[in-house]
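Report on one structure; see the data block that follows.
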Amino acid sequence: MIYEMRTYEAAPGKMRPLIDRFANVTDRLFKKYGFKPVGYWTESIGDNTKFHYMLAWADDAERLAKWAEFRDDPERAIAFPASEVDGPLVTKITNQIWVPTAFSDLN
């Protein structure tokens with residue numbers, strides 16, 4: 001099992017629309033394509049412009065295949081540009097792949 005940790009830096013004034021897109025479109029499409037979201041987080045202390053989420057994958061081959069399916073989804077192709085009609089929601093994406101240690105307690 002590997003974990004993909006992604007951080008999106010929201011454009012000024014775009015945190016709420018970014019969260020709304022995840023709540024109303026992205027999470028549902030993730031599940032449609034077999035993504036395994038571990039969780040979604042915002043910051044309660046700090047600049048509160050970052051949206052974090054983690055996905056669990058069997059391996060990198062699964063991750064690459066599922067992302068390709070997601071990117072080709074026709075609903076996503078309409079919903080994402082529509083959510084950015086007033087400008088981009090994200091200014092920067094950071095992506096990390098984490099591998100648990102042997103002593104990690106992940107059920």
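The values are calculated or read from the model by the stated rules, or taken from the named source; none is laboratory data. Being a predicted model, the structure only gives us computed values, none of them experimental. A quick note on method: Cβ atoms are made from the backbone with ideal geometry, for glycine too, and the neighbour counts reach across all protein chains shown.
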Please go through (1) more than 19 Å from Glu4 (Cα to Cα); (2) in contact with a strand residue (DSSP E or B) (Cβ under 6 Å, 6 or more places away or on another chain) for Asn95 and return the number of the only condition it doesn't satisfy. (1)
Failed criterion for Lys66 (all others in (1) touching a residue at least 24 places away in the same chain (Cβ under 8 Å); (2) assigned to a strand (DSSP E or B) hold): (2)
Counting only residues that are over 19 Å from Trp98 (Cα atoms), basic (Lys, Arg) and without any contact (Cβ under 8 Å) to a residue 40 or more places away in the chain, how many does the stretch 31-63 have? 1
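Within the stretch 87-107, track down each residue that is touching a residue at least 60 places away in the same chain (Cβ under 8 Å) and either part of a helix (DSSP H, G or I) or over 19 Å from Arg63 (Cβ atoms) (or both).
Taking the stretch 87-107 first, the residues touching a residue at least 60 places away in the same chain (Cβ under 8 Å) are 87-100, 106.
Passing the criteria: Gly87, Pro88, Leu89, Val90, Thr91, Lys92.
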Part of a helix (DSSP H, G or I), in contact with a helix residue (DSSP H, G or I) (Cβ under 8 Å, 6 or more places away or on another chain) and surrounded by 13 or more Cβ atoms within 10 Å (Cβ to Cβ): does that describe Pro17? yes
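Taking Phe22, is it closer than 26 Å to Val99 by Cα and in contact with a helix residue (DSSP H, G or I) (Cβ under 6 Å, 6 or more places away or on another chain)?
Working: closer than 26 Å to Val99 by Cα: yes; in contact with a helix residue (DSSP H, G or I) (Cβ under 6 Å, 6 or more places away or on another chain): no.
Taking the combined requirement at face value, the residue does not satisfy it.
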Selection count where residues are surrounded by 11 or more Cβ atoms within 10 Å (Cβ to Cβ) and in a loop (DSSP other than H, G, I, E, B), scope the stretch 72-81: 1
Given the criteria under 18 Å from Arg6 (Cα atoms) and at pLDDT below 95, does Thr49 qualify? yes
If Asn48 passes every condition in (1) part of a helix (DSSP H, G or I); (2) loosely packed, with under 15 Cβ neighbours inside 10 Å; (3) not small (Gly, Ala, Ser) but one, which one does it miss? (1)
Scan (1) assigned to a strand (DSSP E or B); (2) among the aromatic types (Phe, Trp, Tyr); (3) under 22 Å from Pro88 (Cβ atoms) for the single condition Tyr3 breaks and write down its number. (3)
Would it be correct to say that Ala11 is under 25 Å from Leu106 (Cα atoms) and either loosely packed, with under 15 Cβ neighbours inside 10 Å or in contact (Cβ under 8 Å) with a residue 40 or more places away in the chain (or both)? no
Given the options Glu84, Glu69, name the one that is surrounded by 11 or more Cβ atoms within 10 Å (Cβ to Cβ), acidic (Asp, Glu) and either modelled with pLDDT under 95 or within 15 Å of Phe22 (Cβ to Cβ) (or both). Glu84
